[in-house]
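*Asks:* Here it is, the structure, as structure tokens.
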Amino acid sequence: MANSTSNVATGKPKVGGAFYIAPAGTTLPTDATTALANAFVCAGYISDAGLKNNNARETAEVKAWGGDTVLNPVTGHTDTFSTTFIEVLNTQVLKLVHGNSNVSGTLSDGITVNVNGADLNHYVMAVDMILNGAVKRIVIPDGQVTAVGEVSYTDADAVGYETTITGYPDASGNTHYEYIKATT
């Protein structure tokens, strides 16, 4: 197969929303184009840094007598995504980063956020993007925010929740799925 510039792409968010969350146990999407189930809600804008995925494998080097490396079995696997949610007035974002039970109210009536060390909720997550002539959907069957970075309040930058999301294995052992389809 020869090189082809048509296979080179940038990742842009789908117009109208790109990052969606649904309660744990929601039926997973199985392709790049089928409309998401009604249970999915948009988590709004994310920063221009986009979405990053770190799919890390840990291995244990096995050496033979004489020092040759003869095997590198996988001893661990961590699948994390990082992004910064910038719709800080969106109650879905607040629930994602603080926990469902720690956020109450509406913006018009007043929102209360309880900040504590309680475990955060697990969600099904879907990220829809455009890749130069194709669409791509990443589906995280069991995702949880496992870290929230420092929040900065300045008059020069958007306030945002820099998050690390960990994908846990589903019943098939997969931490996320990727679906790609050419657009017409």
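*Asks:* Figure the gain on full extension for VAL8 and VAL115 (residue separation times 0.36 nm, minus the Cα-Cα span) and round it to one decimal in nm. All intermediate terms of the calculation are to be shown ahead of the outcome.
*Replies:* Details: separation 107, 0.36 × 107 = 38.52 nm, distance 4.28 nm.
Gain in length upon complete extension: 34.2 nm.
*Asks:* Ok, one more. Figure the gain on full extension for THR184 and THR106 (residue separation times 0.36 nm, minus the Cα-Cα span) and round it to one decimal in nm.
*Replies:* Working: separation 78, 0.36 × 78 = 28.08 nm, distance 4.04 nm.
Net length gain for the segment: 24.0 nm.
*Asks:* For a protection proxy built on the mean count of beta-carbon atoms within 10 angstrom, sort 151-159, 173-181 highest first, please.
*Replies:* On the way: 151-159: 9.2, 173-181: 15.1.
Order by mean packing, descending: 173-181, 151-159.
*Asks:* Based on the Cα atoms of segment 77-146, what semi-axes does the equivalent ellipsoid have, where each is the square root of 5 times one gyration tensor eigenvalue, given in whole Å with the largest first? All intermediate terms of the calculation are to be shown ahead of the outcome.
*Replies:* On the way: eigenvalues 141, 56, 16 Å².
Working through the eigenvalues yields semi-axes of 27, 17, 9 Å.
*Asks:* Further question on the same structure: Quick one: among SER101, SER82, SER47, which has the greatest mean-square fluctuation in a GNM of the chain with alpha-carbon springs under 10 angstrom?
*Replies:* Of SER101, SER82, SER47, the most mobile in the Gaussian network model is SER101.
*Asks:* Let me ask you something else. Hey, what D do you get for segment 67-184 in µm²/s if you plug the Kirkwood alpha-carbon radius into Stokes-Einstein at 4 °C and 1.567 mPa s? Walk me through the intermediate numbers first.
*Replies:* Values: Rh = 16.9 Å.
Estimated via Stokes-Einstein, D reaches 77 µm²/s.
*Asks:* Does a label point 7 Å from the Cα of SER47, set along Cα-to-beta-carbon, have any residues of segment 54-93 with amide nitrogen under 16 Å, and which are they?
*Replies:* From segment 54-93, the list is 81-89.
*Asks:* So, one more: With a 10 Å radius around each residue's Cβ, average the other Cβ atoms per peptide and rank 121-130, 11-20, highest first. List each step's numbers first, then the result.
*Replies:* Numbers: 121-130: 21.8, 11-20: 16.2.
Going by the mean number of other Cβ atoms within 10 Å, highest first, we get 121-130, 11-20.
*Asks:* Which cross-chain or sequence-distant (5 or more) residues have an amide H under 5 Å from the amide H of HIS77, H modelled 1.01 Å from N in plane?
*Replies:* Sorted by chain and number, the residues that satisfy this are GLU58.
*Asks:* Still on this structure, I have one more. Under 11 Å from a point placed 7 Å out from the Cα of SER172 along the Cα-to-Cβ direction: which residues of segment 133-154 have their backbone N that close?
*Replies:* 141
*Asks:* Find, among the chymotrypsin sites (Phe, Trp or Tyr not before Pro) in segment 52-91, those assigned to loop by DSSP (not H, G, I, E, B) with at most 11 other beta-carbon atoms within 10 angstrom. Each step should come with its number before you reach the end.
*Replies:* Numbers: sites: TRP65, PHE81, PHE85; in loops: TRP65.
Hits after loop and neighbour filter: TRP65.
*Asks:* For ALA39 and VAL62, compute 0.36 nm times the residue count separating them, minus their Cα-Cα distance, and round to one decimal in nm.
*Replies:* In short, 3.6 nm is gained.
Values in this text are rule-based calculations from the coordinates and carry no lab data. Note that the structure is a prediction, hence the values are computed from the model and not measured. Methodologically, a virtual Cβ is constructed for each residue, glycine included, from the backbone with ideal geometry; neighbour enumeration extends over all protein chains shown.
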